[in-house]
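**Student:** The structure follows.
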Amino acid sequence: MQSTAVSHSSAPVGEVIKAGELEIRPSEYLAVAGGHALSLSIRELQLLAAMARRPDRIVSREELYRTVWGEPLRSTDRSVDVYVHKLRTKLTRALPEWSFIHTHFGFGYRFSPERSRPFHNPATSR
């Protein structure tokens, strides 16, 4: 029986995408946050890289799905939203002071490293 190697990444060899304290190395299937490797699935890494390659740009769910899954998005499919949620959770756990993925309702998602704002202002909590 003959086996065939299949590449799941179209990333250029040696590509490194940096965004604040986050470093993504798609060809190595690696994302590093604050010096520590993140535990990401291949889909999560592909989605993160797809957004990070389009910094500060709103990217539609359809474009992200086509880029990562390689086919058109079906109207009832929520895969992009589910994976964005998983990525946000992992990124927030690794770098709580940063926010990377921003939702633009009705449009899509924007990847931009921004300092997180605290929910409570210590000056007003007396």
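The values are calculated or read from the model by the stated rules, or taken from the named source; none is laboratory data. Every value quoted in this text rests on a predicted model; they were computed, and no experiment measured them. Backbone-built Cβ (ideal geometry, glycine too); neighbour counts: all protein chains shown. We work out accessible area using only protein heavy atoms, side chains counted, and drop any ligands, DNA or RNA first. Shrake-Rupley method; radii C 1.70, N 1.55, O 1.52, S 1.80 Å.
**Student:** Within segment 15-26, track down each residue that is in contact with an Asp or Glu (Cβ under 8 Å, 6 or more places away or on another chain) and open to solvent by less than 40 Å² (accessible area, probe 1.4 Å).
**Tutor:** Listed by number, the residues that qualify are 17, 26.
**Student:** For the structure I just gave you, tell me whether residue 62 is at pLDDT below 95 and over 10 Å from the mean Cα position of the chain (by Cα).
**Tutor:** Considered against the rule, which asks whether it is at pLDDT below 95 and over 10 Å from the mean Cα position of the chain (by Cα), residue 62 comes out as no.
**Student:** Next up: Got a number for residues in segment 39-71 being open to solvent by less than 30 Å² (accessible area, probe 1.4 Å) and touching a residue at least 24 places away in the same chain (Cβ under 8 Å)?
**Tutor:** Qualifying residue count, segment 39-71: 9.
**Student:** Cβ-Cβ under 8 Å, sequence separation 6+ or interchain: first residue in segment 82-104 and in contact (Cβ under 8 Å) with a residue 40 or more places away in the chain, partner in a loop (DSSP other than H, G, I, E, B) and hydrophobic (A, V, I, L, M, F, W, C). Which pairs?
**Tutor:** Matching pairs, first to second residue: 87/40; 90/38; 90/40; 91/38; 94/38.
**Student:** Answer yes or no: is there a residue in segment 91-113 that is open to solvent by 40 Å² or more (accessible area, probe 1.4 Å) and on the phi > 0 side of the Ramachandran plot.
**Tutor:** yes
**Student:** Step by step: first the residues of segment 8-53, then only those that are assigned to a loop (DSSP other than H, G, I, E, B) and under 13 Å from residue 68 (Cα atoms), then the one that is modelled with the lowest pLDDT. Which residue is that?
**Tutor:** 8
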